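Engineer: Supplied in structure tokens, the structure appears directly below.
Nothing in this text is a laboratory measurement; each read-out follows from the coordinates by a stated rule. Worth saying up front: this structure is predicted, and the values here are computed from it rather than measured. In this analysis, Cβ positions are derived from the backbone assuming ideal geometry, glycine residues included, and neighbour counts consider all displayed protein chains.
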Amino acid sequence: MAYVARDDRPADKAARYAEVEAEILAVLDGEPNVTARMATVSSMLADAFEHFFWTGFYVVDPDKADELVVGPYQGTLGCLRIAFGRGVCGTAAATQTTQIVEDVHAFPGHIACDSRSESEIVVPVLNASGALIAVFDVDATSKAAFDAQDQAALERLMSRVFAAG
């Protein structure tokens, strides 16, 4: 799905990512709380891109180091817990590599939290020490909604928001 601008926002996806990244960093300037940072990122990205159907974080559970628990998000009900290695989010967590899935129904072991989801990108979120603290998950209701441009922009944003310091 092609990026669709809302209101007076740039029609160019790269320009929109740059604009929303600057907005997010300005809002978060001086805010140390990780939950507040995640909530803000989820909200602002969900608002910035019309095709982002579900936008949010799955956080590494401090009591179960190989399991993710749902964190701040925007959208319909998310899965509550996902084991490392299970589904797209668990694969991103286990491998610590971004996953771009053009068709979630073709992904082995995909977890269908919402049947309307058709494609997905999941970005590992590392802290300043390089430890995995979460994954950032975005779903779309159309197939092949995400590409290398989304990957580069979201990886850069996650690094600037959570690993800077």
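Engineer: Can you give the extra length, in nm with one decimal, that the chain gains between Asp12 and Asp66 once fully stretched, where that is 0.36 nm per residue apart less the Cα-Cα distance? Provide the component values of the computation, followed by the final result.
Structural biologist: Values: separation 54, 0.36 × 54 = 19.44 nm, distance 3.81 nm.
This chain segment gains 15.6 nm when fully extended.
Engineer: Each residue of the range 116-130 in turn: what ³J(HN,Hα) in whole Hz from Karplus with 6.51, -1.76, 1.60 and θ = phi - 60°, glycine and Pro shown as x?
Structural biologist: Per-residue couplings from phi come out as 7, 5, 10, 9, 7, 10, 10, 10, x, 10, 10, 8, 4, 8, x Hz.
Engineer: Gain in length, Val27 to Ala144, computed as 0.36 nm per residue apart minus the alpha-carbon separation, to one decimal in nm? Don't jump to the answer; show the numbers that get you there.
Structural biologist: Details: separation 117, 0.36 × 117 = 42.12 nm, distance 3.06 nm.
Gain on stretching Val27 to Ala144: 39.1 nm.
Engineer: Something else: Take the alpha carbon gyration tensor of the range 101-165, find the square roots of its eigenvalues, order them as a ≥ b ≥ c, and report rounded if a/c is under 1.5; if not, report prolate when a/b exceeds b/c, else oblate. Could you put the intermediate results ahead of the total?
Structural biologist: Numbers: a/c = 3.01, a/b = 1.94, b/c = 1.55.
It is prolate, given that a/c is not under 1.5 and a/b is the larger ratio.
Engineer: With a 4.7 Å Cβ cut-off, tell me which Cys residues in the chain come up empty for a partner.
Structural biologist: Cysteines lacking a close Cβ partner in the chain: Cys89.
Engineer: Here is a further query. Using each residue's phi in the range 64-76, evaluate 6.51 cos²θ - 1.76 cosθ + 1.60 at θ = phi - 60° and report the 3J(HN,Hα) Karplus result to the nearest Hz, with x for Gly and Pro.
Structural biologist: 9, 4, 10, 9, 9, 10, 4, x, x, 7, 10, x, 6
Engineer: Which residues' amide hydrogens lie under 5 Å from the amide hydrogen of Val125, considering only partners 5 or more residues apart or on another chain, with H built in the peptide plane?
Structural biologist: Here Ile133, Ala134, Val135, Phe136 satisfy the definition.
Engineer: Follow-up question, since we're still on this one. Can you compute 3J(HN,Hα) from phi for each residue in the range 148-158, using the Karplus curve 6.51 cos²θ - 1.76 cosθ + 1.60 with θ = phi - 60°, rounded to whole Hz and x for Gly and Pro?
Structural biologist: Coupling constants for the range 148-158: 4, 5, 4, 4, 4, 5, 6, 4, 5, 4, 4 Hz.
Engineer: Shifting gears a bit: What's the local net charge at Ser159, with K and R +1, D and E -1, over the other residues with C-beta under 13 Å away? Display every interim value, and only then the final one.
Structural biologist: Details: positive: Arg37, Arg156, Arg160; negative: Glu21, Glu155.
Local charge sum for Ser159: +1.
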